[in-house]
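Visitor: This structure is in C-alpha cells; I'll ask about it shortly.
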Amino acid sequence: MSKKTTVKKPTVPAMFSKNPPSTTTTTTTTTTTNDKENMIEVNPKNDRLVPWVEKYRPKKVSDVAYQDEVVAVLTKCLAGSDFPNLLFYGPPGTGKTSTILAAAHELFGPQLFRDRVMELNSSDERGINVIREKVKKFAQFSVIATRSDGAYCPSFKLIILDECDSMTKAAQAALRRTMERESKTTRFCLICNYISRIIDPITSRCAKFRFKPLKDNIIVQRLQTICDTENVQHEPGAITELVKCTEGDMRKAVTFLQSVARFRTNTVITAIDVQEITGIIPENVIENLYQVCHSSSYEKLATTVKNVLLEGYAAHQLLLQLHDYILGQMALGNEQKGIIFEKAAIVDGCLLDGADEYLQLMDFLCTVMHQLCRS
Ligand SMILES: Nc1ncnc2c1ncn2[C@@H]1O[C@H](COP(=O)(O)OP(=O)(O)OP(=O)(O)O)[C@@H](O)[C@H]1O
C-alpha cells in the first residue's frame, strides 16, 4: 500500500569522520556504506512501528503549524534573502527542531544535508570542549554554493545546537567568539526552552523567535488529519478530551493519539480510552473533591483523598485539574482564588521535589476548605 521509505538515524556529521567529505558538490546516485549505516529501512509492513511524531514531522517549513512569524522569515531566507543566526525558544513540542530541520532540508537538499548541517544536542554535549573541538572545526570548512539540481543553495553551513539552555556558561562564552569569527561560512541555530539561561552576548547575536504553545483547534485539526490517514475512528468527543491535557504540546498530542490507537479496546476510540491512556481524571472525581471541601469535615476529606489516590490518579494531574475547576467557581472571590493558587504553586513544587502525594494534596485541599468557609 504505502511506498518503501527511509528514515535517517541521528548522524555524527560526516565532517568529523577521519576523511571529511569534499565540500564541492559531487553528484552521486549510489548510496555509500556510510549512508546505508545511517538509514533505517522502513518496510511498509513495519510502518506501524514508526513513531507518528517522526512520521508526521513537518517536511517543509510551510508544513509547520501556528508559528507564522518564523515561517515567514524562513520562507524569505529559502528564496535567497540573508540567513541570520537564529535563536528558537519556547515550550516543548511546539516545532522548534522540526522547523530548522525542514528549513535545512529545503536549503541543502538530500545530498548536501549531511555535509552542510551539524546537529548537536547540548544535553549530551554541553561543555566547552565541544565548542572548541567539534563546532569550531566544523565551522572552519568553507563550502561552494552549488546544488546538483540547480536549486538555490547558500554558501554557508548550518550548526544546530539543540537544548542549548543546558550548555555551560563557559561553553556559551566560547561560542560567542566562534559565531563572530566564522560568520562568513557558518550560521547557527540555537534551540532552547528557557531563553533566560542564554547569556546576553549570544542572544544579541541572533534573531530570536518565540514558539507559542499550539492552540487547541490547531492540534485538533492535525490529529484529525492523522486519524484520517491512519484510518483511526473515534467518537466526536475523544479528540477534544485528548487535547485537554496537551497544554499546546503537539508532540504530546500525537504521542497520546498513537498510544490510544494502539491500545484501544474497541474499533472506535472513546473518551474513556483517552482518559485511561492520558491519565486525565474524570470530571466527577474533581467535582466530588471540591464538594467534600464544602462539607468542612477534615475526616471526610482525608478519606476521600486516600480513596482517590488508591484509584491510581496522579497527584500532579489532580492538582492541575482542580486548579482549572476552581478557576471557574463563582462562589470564590479573586482574593480567595489567589490564596488557593499560591498554595497550588507551592504544592506543585513540593510534588516535583518528590514530597508525599497524600500530605501535599491534603495541604492544598485544606486551604481550599478554609477559603470556602470564608465565602
Ligand atoms: N508547529 C508544529 N506543526 C506541526 N507539527 C508539530 C509542530 N510542533 C510540533 N509538532 C510535532 O511534534 C513533534 C515534535 O516537535 P519538535 O521536536 O519540533 O518540538 P520542539 O519544539 O523542538 O520540542 P523540544 O523543546 O522538546 O525539543 C514533531 O515531530 C511534529 O510531529
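The values are calculated or read from the model by the stated rules, or taken from the named source; none is laboratory data. Just so we're clear, the structure is a prediction, and the values are computed from it rather than from any experiment. Because the Cβ atoms are built from the backbone with ideal geometry, glycine has one as well, and the counts that use them run over all protein chains shown. Only protein heavy atoms, including side chains, enter the accessible area calculation; ligands, DNA and RNA are left aside. Shrake-Rupley method; radii C 1.70, N 1.55, O 1.52, S 1.80 Å.
Visitor: Under a 1.4 Å probe, what is the accessible area of segment 171-263 per residue, stated in Å²?
Guide: Counting only protein heavy atoms, the per-residue value for segment 171-263 is 50 Å².
Visitor: Per residue of segment 272-283, in order, report the coupling 6.51 cos²θ - 1.76 cosθ + 1.60 (Karplus, θ = phi - 60°) as ³J(HN,Hα) in whole Hz, putting x for Gly and Pro.
Guide: Working through the residues one at a time gives 5, 4, 4, 4, 5, 6, 8, x, 5, 8, x, 3 Hz.
Visitor: Each residue of segment 153-166 in order: what ³J(HN,Hα) in whole Hz does its phi give by Karplus 6.51 cos²θ - 1.76 cosθ + 1.60, θ = phi - 60°, with x for Gly and Pro?
Guide: Coupling constants for segment 153-166: 9, x, 9, 10, 9, 10, 10, 9, 10, 7, 6, 6, 6, 9 Hz.
Visitor: Here is a further query. How long is the gain from K208 to E311 if the chain were fully straight, where each residue apart is worth 0.36 nm and the alpha carbon distance is subtracted?
Guide: Gain in length upon complete extension: 32.6 nm.
Visitor: Using the heavy atoms of the protein chains and a 1.4 angstrom probe, tell me the accessible area per residue for segment 283-374 in square angstrom.
Guide: 54
Visitor: A further question on this structure: Expressed in nm to one decimal, what extension gain is obtained for the pair N284 and N266 from 0.36 nm per residue of sequence separation less their Cα-Cα distance?
Guide: 4.1 nm
Visitor: Roughly speaking, what is the stretch gain from V220 to Y194, that is 0.36 nm per residue apart minus the C-alpha to C-alpha distance, in nm to one decimal?
Guide: 6.7 nm
Visitor: Mind scanning K215/K244; K60/K215; K134/K208; K208/K244; K60/K137 and naming the pairs with a C-alpha gap bigger than 18 Å?
Guide: Correct reply: K60/K215; K134/K208; K208/K244; K60/K137.
Visitor: Further, regarding this structure: Counting only residues 5 or more places away or on other chains, whose amide H sits under 5 Å from the amide H of K157 once H atoms are built in the peptide plane?
Guide: Long-range HN contacts for K157: T186, R187.
Visitor: In a shell of Cβ-Cβ distance under 14 Å around K96, excluding K96 itself, what net charge do Lys and Arg (+1) and Asp and Glu (-1) give?
Guide: -1
Visitor: Moving on. Whole-Hz ³J(HN,Hα) for each residue in segment 105-121, computed from phi via Karplus 6.51 cos²θ - 1.76 cosθ + 1.60 with θ = phi - 60°, x for glycine and proline: what do you get?
Guide: Couplings: 5, 6, 5, 9, x, x, 7, 8, 3, 5, 7, 9, 10, 10, 10, 10, 9 Hz.
Visitor: In debye, nearest 20, what is the charge dipole magnitude of segment 283-374 about its Cα centre with +1 on Lys and Arg Cβ and -1 on Asp and Glu Cβ, if you could check?
Guide: My answer is approximately 280 debye.
Visitor: Would you work out if segment 127-241 is rounded, prolate or oblate? Take a ≥ b ≥ c from the square roots of the eigenvalues of the alpha-carbon gyration tensor; rounded if a/c is under 1.5, else prolate when a/b is larger than b/c, oblate otherwise.
Guide: Judged from the Cα gyration tensor, segment 127-241 comes out oblate (a/c at least 1.5, b/c at or above a/b).
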